[in-house]
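Below is one structure; the comments refer to it alone.
The values are calculated or read from the model by the stated rules, or taken from the named source; none is laboratory data. Since the model is a prediction, treat every value here as computed from it, not as a measurement. Cβ: placed from backbone, ideal geometry, glycine included. Neighbour counts: every protein chain shown.
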């Protein structure tokens, strides 16, 4: 099984950006943990980060026929990008949306995700472990 992890906007600044909200782990540390877990699960994982909405959509489109599942942290795009939601729905690849913080406990605009409607599920509020939980969920549910 091949899983693509897409990190959205501003996640390249992890470790520096609002550590009280997003933690102190860097993106590189999260990717390393994902690769280690993937090896343990017998899953191949690829990780990319994009700040632009169009780049995320192009990456989703390019995943067709290459990846079996996607872990996506759309960042703030989750709350208003119908275009990303449409891309997820269009490609037909099982996708789990992840967020480092508990979006339901933050500002009101973060309480609703428009991209979630196209995803298999959402995992939020566990810091970098949100990604690992999503990878486990995909590996266990798609292996059946």
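The residues of segment 37-52 that are touching a helix residue (DSSP H, G or I) at 6+ places or on another chain (Cβ under 9 Å) and either on the phi > 0 side of the Ramachandran plot or in a helix (DSSP H, G or I) (or both), listed by number, are 37, 38, 41, 42.
Quick grid of which residues meet (1) touching a residue at least 60 places away in the same chain (Cβ under 8 Å); (2) in contact with a helix residue (DSSP H, G or I) (Cβ under 7 Å, 6 or more places away or on another chain); (3) not in a loop (DSSP other than H, G, I, E, B):
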residue: 12; (1), (2), (3): no, yes, yes
residue: 15; (1), (2), (3): no, no, no
residue: 20; (1), (2), (3): no, no, yes
residue: 28; (1), (2), (3): no, no, yes
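If only residues of segment 89-115 that are outside any loop (DSSP other than H, G, I, E, B) and surrounded by fewer than 17 Cβ atoms within 10 Å (Cβ to Cβ) are counted, the one that is modelled with the lowest pLDDT is 105. For segment 62-72, the criterion of being within 13 Å of residue 135 (Cα to Cα), out of contact with any strand residue (DSSP E or B) (no Cβ under 9 Å at 6 or more places or on another chain), modelled with pLDDT of 95 or more and surrounded by fewer than 16 Cβ atoms within 10 Å (Cβ to Cβ) is satisfied by no residue at all. Tallying residues that are surrounded by fewer than 20 Cβ atoms within 10 Å (Cβ to Cβ) and not in a helix (DSSP H, G or I) within segment 125-144 yields 5.
If you go through segment 74-83 and keep only what is in a helix (DSSP H, G or I) and within 15 Å of residue 5 (Cα to Cα), you end up with just 75.
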